[in-house]
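All remarks here apply to the structure that follows.
The values are calculated or read from the model by the stated rules, or taken from the named source; none is laboratory data. What you see is a predicted model; the values in this text were computed from it and never measured. FYI the Cβ positions are ideal-geometry reconstructions off the backbone, even for glycines, and counts take in every protein chain you see.
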């Protein structure tokens with residue numbers, strides 16, 4: 001049996017052999033070009049002082065290239081936990097079964113938590129994975145209750161004894177989550193136990209337990225939970241818990257929340273405080289009081305938030321123009337809310353607002369960077385609702401401009417082979433940023449590249465037109481198209 005230290009070398013050796021058999025050189029590249037691309041890949045796969053490798057790894061993951069699977073498998077065993085996370089997520093994105101429970105349990109605890117949190121956001125944690133993970137007694141209490149919370153939401157059978165055990169743990173997040181889940185099952189003592197634990201903890205642990213409880217209550221409400229929120233609003237004067245408690249009350253018992261909300265609205269001395277309260281109703285998708293529009297007629301921002309709130313609380317009959325008007329205010333927090341929740345809204349309601357965000361790129365002055373980022377995210381969301389429309393906007397974008405770049409950046413993060421056709425229709429006369437991004441999009445989906453394209457891809461790797469994450473993509477694609485994947489595996493074999 002081989003020594004443990006030799007297992008990685010043996011595994012990578014088999015990958016190198018397989019890569020050599022599968023690689024077919026389809027374009028001419030110089031030794032210097034290959035060396036440059038391998039250097040970029042090495043920088044992407046090893047820790048950098050500025051943590052730039054993490055953005056490069058995210059860019060490589062977004063390629064969704066099955067040929068990267070052995071690289072991600074190797075990263076799972078890396079000594080740095082953030083790299084482990086990218087390894088597990090990269091494998092999950094290439095699998096039909098999502099995150100592998102066995103891989104989760106071999107991670108550093110910090111990596112395990114992050115991989116699961118992101119995995120849930122990606123909808124990459126299956127019920128089977130949850131069942132398998134819950135069988136591990138060594139799983140951290142707060143992760144166990146996170147899994148139990150999701151299991152209850154999915155209608156799975158859960159072990160009540162595990163919830164009682166979590167309620168006795170030393171992790172405030174586990175205690176808060178377990179108390180809410182037990183109360184939702186009719187346990188009359190759960191919140192009393194939580195309150196007694198809260199009284200013994202310092203403020204930081206109190207906040208952890210309180211926020212975990214409120215977050216869980218938004219999905220697993222109960223009469224006891226609503227009363228607990230009411231008691232919290234009476235007792236806790238800190239703005240963070242009060243705001244979160246009011247939001248959760250709006251989500252779980254809008255009628256009870258209305259009185260509290262109106263009291264806070266009347267007491268609000270600053271315009272920012274009223275904006276915060278209006279956004280809470282928008283976030284909870286709770287209808288605004290009937291007379292509020294008349295009160296807000298002289299405040300354009302608050303009126304637009306209220307009108308958008310009316311649209312999202314009746315999404316099938318809501319007015320799409322209200323969300324477009326909200327975007328036109330340029331109010332950052334409102335736009336962030338829209339981007340965070342757009343996927344859950346009817347496309348007919350939210351699509352015009354997403355197109356307006358794309359239309360607003362490049363923006364003006366200091367807003368240019370934010371506008372480009374929002375346009376990119378809007379394009380990704382639009383593709384999920386109306387892929388052909390997103391492709392058309394990319395095809396029609398002004399050549400070499402910021403809007404085209406934002407749409408190209410979105411396209412480079414999407415798994416859509418039809419975008420290759422769009423990329424082939426875009427005029428390329430040089431190697432500016434947009435040209436280089438268009439070349440990457442074609443190279444991602446093309447079976448072959450011409451020698452001219454290979455030369456231009458080499459220039460993209462070695463030049464400064466692209467960001468570091470896109471240079472990582474360019475390096476991988478150049479090595480793949482030139483038949484040098486085995487050299488990347490060799491780089492892994494010599495990396496500690």
Is there a residue in the range 170-182 that is crowded, with 16+ Cβ neighbours inside 10 Å, over 18 Å from residue 225 (Cβ atoms) and either modelled with pLDDT of 95 or more or under 28 Å from the mean Cα position of the chain (by Cα) (or both)? yes
Identity of the residue in the range 418-439, surrounded by fewer than 22 Cβ atoms within 10 Å (Cβ to Cβ) and under 20 Å from residue 29 (Cβ atoms), that ends up modelled with the lowest pLDDT: 431
Mind counting the residues in the range 300-316 that are modelled with pLDDT of 90 or more and in a loop (DSSP other than H, G, I, E, B)? 0
Considering only the range 31-62, how many residues are assigned to a helix (DSSP H, G or I) and more than 27 Å from residue 454 (Cβ to Cβ)? 1
For the range 213-224, which positions are within 11 Å of residue 245 (Cα to Cα) and surrounded by 19 or more Cβ atoms within 10 Å (Cβ to Cβ)? 213, 214, 217
Can you confirm whether the range 58-72 contains a residue that is surrounded by 21 or more Cβ atoms within 10 Å (Cβ to Cβ) and more than 24 Å from residue 485 (Cα to Cα)? no
For the range 317-352 the number of residues that are touching a helix residue (DSSP H, G or I) at 6+ places or on another chain (Cβ under 8 Å) and either assigned by TED's automatic domain parsing to the domain that holds residue 398 or in a loop (DSSP other than H, G, I, E, B) (or both) is 6
Residue 98 versus (1) touching a residue at least 24 places away in the same chain (Cβ under 8 Å); (2) at negative phi: which is the lone unmet condition? (2)
Could you tell me which of the residues 407, 381 is within 26 Å of the chain's Cα centre (by Cα), more than 21 Å from residue 312 (Cβ to Cβ), outside any loop (DSSP other than H, G, I, E, B) and in contact (Cβ under 8 Å) with a residue 40 or more places away in the chain? 407
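Any residue at all in the range 123-131 that is more than 21 Å from the chain's Cα centre (by Cα), farther than 28 Å from residue 173 by Cα and either touching a residue at least 40 places away in the same chain (Cβ under 8 Å) or not assigned by TED's automatic domain parsing to the domain that holds residue 412 (or both)?
So in the range 123-131, the residues more than 21 Å from the chain's Cα centre (by Cα) come out as 128, 131.
The next check asks that each one be farther than 28 Å from residue 173 by Cα; those that pass are none.
No, that holds for no residue.
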In the range 153-168, which residue that is surrounded by 14 or more Cβ atoms within 10 Å (Cβ to Cβ) and farther than 25 Å from residue 248 by Cα is nearest to the chain's Cα centre (by Cα)? 162
Only helices (runs of 4 or more DSSP H) wholly contained in the range 136-206 count here; list those with 3 or more residues that are touching a helix residue (DSSP H, G or I) at 6+ places or on another chain (Cβ under 7 Å) and more than 23 Å from residue 109 (Cβ to Cβ). 172-184, 190-200
Here are the criteria: (1) modelled with pLDDT of 90 or more; (2) farther than 17 Å from residue 63 by Cβ. Tell me which single one residue 457 does not satisfy. (2)
Where residue 362 falls short, out of the listed (1) modelled with pLDDT of 95 or more; (2) closer than 22 Å to residue 413 by Cα; (3) more than 23 Å from the chain's Cα centre (by Cα): (1)
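Looking only at helices (runs of 4 or more DSSP H) that fall completely inside the range 421-496, which ones have 3 or more residues that are within 25 Å of residue 390 (Cα to Cα) and in contact (Cβ under 8 Å) with a residue 40 or more places away in the chain?
Of the helices (runs of 4 or more DSSP H) lying wholly inside the range 421-496, those with at least 3 residues that are within 25 Å of residue 390 (Cα to Cα) and in contact (Cβ under 8 Å) with a residue 40 or more places away in the chain span 468-481.
Residue 344 - would you say it is modelled with pLDDT of 95 or more and surrounded by fewer than 21 Cβ atoms within 10 Å (Cβ to Cβ)?
So residue 344 fails the test.
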Among the listed residues 48, 106, 114, identify the single one that is free of Cβ contacts under 8 Å to residues at least 60 places away in the same chain and either buried (at least 22 other Cβ atoms within 10 Å of the Cβ) or under 18 Å from the mean Cα position of the chain (by Cα) (or both). 114
